[in-house]
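One structure is given below, encoded as structure tokens.
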Amino acid sequence: MSVPVIALQDLRKRYGGEGGGAPSVEVLRGISLQIHAGEFVAIVGASGSGKSTLMHLLGCLDQASSGSYHFNGQDVASMDADQLAWLRREAFGFVFQGYHLIATESACENVEVPALYAGLPEAARRARAQQLLQRLGLGDKLQHRPHQLSGGQQQRVSIARALMNGGQILLADEPTGALDSHSGTEVMALLHELADAGHTVILITHDRAVAAQARRVIEIRDGQIVADSGRLQAKSASGAGKTNASSYQNNSKSTRQTERRVLWAELRDALRAAWRVMAANRFRTALTLLGIVIGVASVIVMLAVGTGSQQKVMADMATFGAKAMYVSAMQGSSRDRAAPLTLADAATIRLLPNIQSVAPYIEGRLVVRRGNIDHQTEVGGATTDFSEALSWPLAEGVWFDAADEQRLAKVAILGQTVRKALFADGSSPLGQDILVEGVPFQVIGVLAAKGASGGDDQDERVVVPFSAASARLYGHPNPGWISVLIRDMDQASATGDAILASLAETRGAKDVRLWNQAESIRVQGETERTMTLMLGLIAAISLVVGGIGVMNVMLMTVRERTREIGIRMATGARQRDILRQFLTEAVLVTVVGGAIGVALGLALGAVLLALGVPVVFSLSAMLGAFGCAVATGIVFGYTPAQRAARLDPVVALASE
């Protein structure tokens, strides 16, 4: 005698009776049964007799409470979840009373599902699905959705799906129950053809007339077999008895080799399914996307505005050099006037570490004249280090040099405001003479525009050599302040302390004050960065809120598509396949929302720029916001996806 493909021994199934809940109910009470390859068996019984429960056990959709189930001689109880999924995919084909087709997929795509999880290449599975549908008379319905097909046509699609991976054993649960008589006759004729071709057909029905068409009839009542017409000679199906768990083990190497191909195929299928679900629920999808879009856009805009404001503030503060410090004498009382600064003080500062350049500056408000135009402005005497120390380049002309310093040269450099006042006729000032307090000076250069800072017009000045200013204009060599340019901004505070300590020692008193602009800019920069980060974090809260919305929608989606999950499991999907399916859908939502959010953020930033708001876009901020959106989909989509993967196939199939 050949080994039966299915052998049941004292199989029992109980529900309830655990954890103090509902009382235990035994649905199957000691089923012992053998079915050989190629048999056409009908299991008949009234509603509630346990026949559907038996089918779920035979198809490895459910597990028995006790007893044994051997498939091709191997105990099914010893198989893990992946082996059971593999067995459902490779050995069984399910034909359900309610058809159980995936509503968003076409007829051809529904038939392809088992081959998708088996790793069959796309072209091969598409060709086989089309061949099966054409064989069943649905060649012109390949792209029709289930709602576009009649009941009989949907049942034929279900049969084609059952045959997709070979369908060695067909489990048909009331396949004619929801059909009219004509369609029911067609379906039964198909099952006869398949039985004649060598497939093992197990028909579950309550209709004795339908059961009588099988070659073997088993009657079940109250969970027990009460009649069995006996086994007739079965047709021989090629390879019908070769699908077992050992085949799974033997094929594990090839399974690993095709895992990457299966992964990409499933991802494409998941993306297609996710897109169709999003399109079918446009309003809900839009509301879900809204939180992600707002979150991403707000992160981009707030960081751009924060960075732009930071740079503007830094630029304003760095008008006279980002790494500059300024030393001046303290104001003394009317009785005890403070000693003025001297050039020796500048020399003392120049010797300290971290000092790049030192520029003493003597200044006062004087009248300058050109022709009959008088203009009062600030006239300063500076050394050749002025341009570097104050980061103030020339717009045109040349700077005076050391030789001009030594010979007290009467040369001048104009600020932009003075140039406009004295040369309103548009002529070039270079080479022309002006009078400064009646002393003629030749214009050799024009400073670059600085603009206003702290309410003062920085371009309202004339700069002449320090020696000429002290001897020809002010009558003393004492600078009003000394500009100091440092090398390392991080050492600004220590350098400032060193300047004060050195001058206190050489001057014999602590009578100077220091405006440490470099330290102020550094602190201001850190403050602005902190504020920008805070703005970004506040905006990121929107992403979290959007993520919660994604989780809620995905949980709702899992509930709505529970039957689809059961269908996929019945056709061979593993838990990780279902997990991947729904996780992909969650990520797709956030990817679409993230992309729209980036576009919206750029658009809003462009509007702000047009309104004069300082905005600086950051590629890292955009990539970070988009990456956080995708991560949100993974984090908040995992729990719903995991819940979907852990559903019981039988419970999932029975859901509405």
Filter result (of a type outside the set (G, A, S) and either under 51 Å from the mean Cα position of the chain (by Cα) or at pLDDT 95 or above (or both)) within region 11-40: L11, R12, K13, R14, Y15, E18, P23, V25, E26, V27, L28
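Just to be sure before I move on: is V463 modelled with pLDDT of 95 or more and either crowded, with 20+ Cβ neighbours inside 10 Å or not in a strand (DSSP E or B) (or both) in the structure I sent?
Against the criterion (modelled with pLDDT of 95 or more and either crowded, with 20+ Cβ neighbours inside 10 Å or not in a strand (DSSP E or B) (or both)), V463 qualifies.
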Looking only at region 184-209, and only at residues there that are in contact with a Ser or Thr (Cβ under 7 Å, 6 or more places away or on another chain) and assigned to a helix (DSSP H, G or I), the one that is nearest to R128 (Cα to Cα): V187
One residue from L61, L101 being part of a loop (DSSP other than H, G, I, E, B), crowded, with 24+ Cβ neighbours inside 10 Å and either in the same structural domain as L149 (by TED's automatic domain parsing) or touching a Phe, Trp or Tyr at 6+ places or on another chain (Cβ under 9 Å) (or both): L101
Those residues of region 104-123 which are modelled with pLDDT of 90 or more, farther than 19 Å from L171 by Cα and not in a loop (DSSP other than H, G, I, E, B), in sequence order: A107, C108, E109
Candidates V358, V313, V327 - the one that is of a type in the set (V, I, T) and at pLDDT below 90: V313
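The values are calculated or read from the model by the stated rules, or taken from the named source; none is laboratory data. Since the structure is predicted, the reported quantities are computational estimates derived from the model, not experimental observations. With ideal geometry, Cβ positions are generated from the backbone for all residues, glycine too; neighbour counts draw on all protein chains shown.
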